[in-house]
Amino acid sequence: MRTIRALQSFNRVLVCTCPQPPSVRSWSVAQDKRFSSSSAERPIPGNSVLRHLTSKIKSTGPISVAEYMREVLTNPVTGYYVQNDMLGPDGDFITSPEISQIFGELLGIWCLSEWMGAGKPSHLQLVEFGPGRGSLISDVLRVFSQLSGALGGATVSVHLVEVSPKLSQIQAQCLSGDQSRVSASEDEPVYRQGTTAAGLPISWYRNLDDVPRGFSVYLAHEFFDALPIHKFQRTEKGWREVMVDVDPEEPDKLRFVIVPAPTLASTQLIQSDEKRQHVEVCPEGGVIVQRLANRIAGDGGAALIADYGHDGTKTDTFRGFKGHKLHDVLASPGSADLTADVDFSYLRKMAGAMVACMGPVSQRSFLKNMGIDTRLQVLLRNCADPSTRAQLIHGYDMLTNPAKMGERFQFFTMLNHIRLTGPEPKQPELGAKMAPVPRKAPAPLPVAGFSELGLS
């Protein structure tokens, strides 16, 4: 009920909030298809990433897909994420927060709901992985500002995990304007600090280990899909790893090969009960999930992961995006984003018994459970501008239509076990007088988004 009241209060106080201009919150969706190792276009002559990769492969032999992704995306000198602002209409892809403000607002309600469900701790850390342009956390913070009364005296701080210096600058401008500063030394765990428009402290980190411990709500939207994956193929001789090699017939091209002998990855990363013929495994994602689970079990809190994904059913999902269109993953490395669907069944196994896991559920189900239909109607009733109304409806369709993002995106959460069971009742001390039978503790709040809120 408290979550429902929070959302109803939010709809009352934000009836006049208008979305960003259509030039910012618009996108086109490419149709889903796979690319093989054959290249549809010749690499750009003089491509420094390609030269580096071919030189490395010729020296040491084929490299794993994970190493290929790591070099292409996060190489500190030439990495795609390090060098580019890849988001927005002029970039290679647009994410849900850029499509509609409603997405971030509902995730803000989710964060508030989980803080309430945990007993309203005195301090809340909002932690986001890969914050993009800062649109999502900006929308979340607007909800917190509008519903500040619900927070009581609790303090809130913002912590962003971001490897791209270029994107961190864009995030800082979005969230704190000129109120941020870069650390004097590159070795500092906190490489940028500032203050949001609402006066909240905000810090930037390169990895999760540097984020302070404490009760936290973690958000990872389109983060895990960009982490490096290993690809494996089942053969007559057992599992073999798919690797990246130089095409012997065209030395300026790359190709996929199946290595003849087992590798350390193929012997260690495949689950014993695996039934598929082709598998993609993201060990880096598994490590991050284990660290999150450890923090949530020890400090309390919750993690919400939203991404392209499946529950252990898909096989070959590795693909590239350039200019909002699908792009051969091996062509012109460094010029396009690389991604693979998240295997939530693997993340669940990596989390183990330390936390309670829920999902994945489709983005359509999650947003509808969160009250997106009610929120849309509130905005439409208070918006007279035809172009803005059309944009709101278009954004809603993009987010929830099963043929667009509604079914392809999945939501998954990890929670402290106490969140679902409630704290253990205190036992009376030996020799103490019999106390009156206490009233039954209220049942834990339902987890928003993963069950219907019952909004009317």
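The values are calculated or read from the model by the stated rules, or taken from the named source; none is laboratory data. In this text, all values refer to a predicted model and were calculated from it rather than measured experimentally. Cβ sites come from the backbone with ideal geometry, for glycine too, and all protein chains shown count toward neighbours. Side chains included, ligands, DNA and RNA excluded: accessible areas come from the protein's heavy atoms. Shrake-Rupley method; radii C 1.70, N 1.55, O 1.52, S 1.80 Å.
Here are a few things to note about the model shown:
- Cα-Cα over 29 Å, subset of 231/368; 314/368; 231/349; 231/404; 56/275; 56/404: 231/368; 56/275; 56/404
- Extension gain, residue 324-residue 186: 0.36 nm per intervening residue step, less the Cα-Cα distance, totals 46.3 nm.
- When the residues 58, 404, 231 are ordered by accessible surface, computed with a 1.4 Å probe over the protein chains alone, the sequence from largest down reads 58, 404, 231.
- DSSP-assigned coil residues among GluC sites (Glu not before Pro) in segment 267-353, each with at most 15 further Cβ atoms within 10 Å: 274
- Using a probe radius of 1.4 angstrom, the carbon and sulfur fraction of the accessible surface of segment 204-247 is 45%.
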